[in-house]
1. In nm, give the distance between the simple-model label positions of Val254 and Ala137, each being 7 Å from the Cα along the Cα-to-Cβ direction.
2. Run the paramagnetic zone check for His125: 7 angstrom along Cα to Cβ, then residues of the stretch 44-61 with backbone nitrogen under 12 Å.
3. DSSP beta bridges in the stretch 143-272, what fraction antiparallel, as a percent rounded to 5?
4. With no solvent and one point on each alpha carbon, what is the Debye value of log10 I(q)/I(0) for the stretch 140-376 at q = 0.09, 0.16, 0.17 Å⁻¹?
5. Any chance you could look up the accessible area of Asp139 with a 1.4 Å probe, heavy atoms only, rounded to 10 Å²?
6. Rounded to the nearest 0.05, what FRET efficiency do Glu411 and Ala378 have when you use their Cβ-Cβ distance and R0 = 25 Å?
7. Multiplying the sequence separation of Ala81 and Glu354 by 0.36 nm and subtracting their Cα-Cα distance, what value in nm do you get?
8. For the chain, just give the cysteines left without a disulfide-compatible partner, judged by no other Cys Cβ under 4.7 Å.
Amino acid sequence: MTGPLKRLYIKTYGCQMNVYDSERMTDVLTPLGYGVTDSPIGADLVVLNTCHIREKATEKVYSELGLIKEMKQEKALTGQAMTVVVAGCVAQAEGAEIMRRQPAVDLVVGPQAYHQLPELIARTHRSRGERLAADFAADAKFDALSSERHPTGVTAFLTVQEGCDKFCTFCVVPYTRGAEWSRPEDTILAEARSLAEQGVREVTLLGQNVNAYTGGLAKLVRALAKIDGLDRIRYMTSHPKDMDDDLIAAHGEVQELMPYLHLPVQSGSDKILKAMNRAHTADSYLKTLERVRAARPDIALSGDFIVGFPGERESDFQATLDLVQAVGHAAAFSFKYSPRPGTPAAAMPGQVAEAVKDERLARLNALLDDQQKAFNAAQVGKTLPVLFEKPGRHPGQLSGRSPYLQAVHCEGPADLIGQIVPVTITSAAKMSLAGQVISAPAMS
Ligand code: SAH
Ligand code: SF4
Ligand code: F3S
């Protein structure tokens, strides 16, 4: 490579799929001489990889762009240019509107066009050509990206599926990520092998509807489990409708498949679920969990919840609390309904007042917090295999994860990073566990 390193700043918003995409954008830009920097000040190329899921997420992007604009102007005073790229779901949803709202933006690139970044950036540098790339063909993207990865740790994300055909009435994802599409198994396995060869011990398979993977997610999991060095497999996010028998069976049979399931339910009221177009009822959801628990009794359960969907009455919300009680969660994500332009729910009657949403969210979170604390507290005294990922916050401390995705902090030597080690859990808090390494595994 010739010439000085150009500085690339990427900021990632939203879900894990964006985290994966940011990594892949870095991969395609590195050969052009870009090196990642952790501040936008003075950067040559700024990429905001954006999220459109809730109004707040979108507004954050515009306020960040206001700051970036000032940095760009300052850089211009020294005769140097800063190229500003908006990628991700806001790019796909709002397109050229972004450049109208913030003229400092040079390029708008949707999630399926990242492989074109080098060419698009070169074109903007020549100040001609399109400044908007927002097509929908996921296959072109994955064909163009190599299976070679450059992981920075012992865990990695691996996108296996993109897009969504479910059209929940509140959600923008089918409009920003396009139709459901699955990557061919051979390219996924090649990427996973590349990761494992570079010391990755755990992969999390990603997809907006990862269990809708064509050909069966269970089959893919079983194939991945055979890769040497890959000892832990996780996946997210799943739709209850696609939780098939084979995947449930895999939870009981595949040792590498971790006992953690993130299965968003959104609401416990059948009336609201119907209005959301969720294709499951509270009862069918609970029955699915029963089957999963029968296959893997210790499975940690997690979900997503929306409070204050249009038409949600106190009794509907109560049904959500009842469902939460019935499940017992290890973790959960709860949101106030945010009307998104162009989605059916935004135009529904019975929009719920903000104050009511706030109050319901607080009640739901109190219950979920109690469950999370109880789940963590139940681990105290047990010995769990922990994959150490990185140094902890204090010197001599290590940070890792239990099979149930809990953060675990321990005293221990740095050479345990990348190893799966039995740890006796000594105490628990809401967000993490503390423990003691009982024995280092034999060196291999
Ligand atoms: N594909 C995943 C979730 C994608 S979005 C699934 O179907 O489960 C992640 C979460 O954001 C959703 O599960 C939902 O709980 C929340 N969400 C999506 N749209 C929202 C909106 N308009 N307002 C509030 N929360 C929303
Ligand atoms: Fe959105 Fe529903 Fe698709 Fe999930 S399944 S991405 S919530 S439309
Ligand atoms: Fe957000 Fe797009 Fe992910 S809207 S949650 S970044 S799929």
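The values are calculated or read from the model by the stated rules, or taken from the named source; none is laboratory data. Keep in mind that this is a model prediction, so the values were computed, not measured. Cβ: placed from backbone, ideal geometry, glycine included. Neighbour counts: every protein chain shown. To get the accessible areas, we keep the full protein, side chains included, count just its heavy atoms, and leave off ligands, DNA and RNA. Shrake-Rupley method; radii C 1.70, N 1.55, O 1.52, S 1.80 Å.
1. Between Val254 and Ala137, the simple spin-label model gives 3.1 nm.
2. Flagged as within label range: 44-45.
3. Numbers: 2 of 13 bridges.
Roughly 15 percent of the beta bridges in the stretch 143-272 run antiparallel, per DSSP.
4. Cα-only, vacuum Debye calculation for the stretch 140-376: -0.41, -1.16, -1.26.
5. For Asp139, the solvent-accessible surface is approximately 70 Å².
6. The formula returns an efficiency of 0.60 here.
7. 94.0 nm
8. Cys15, Cys51, Cys89, Cys164, Cys410
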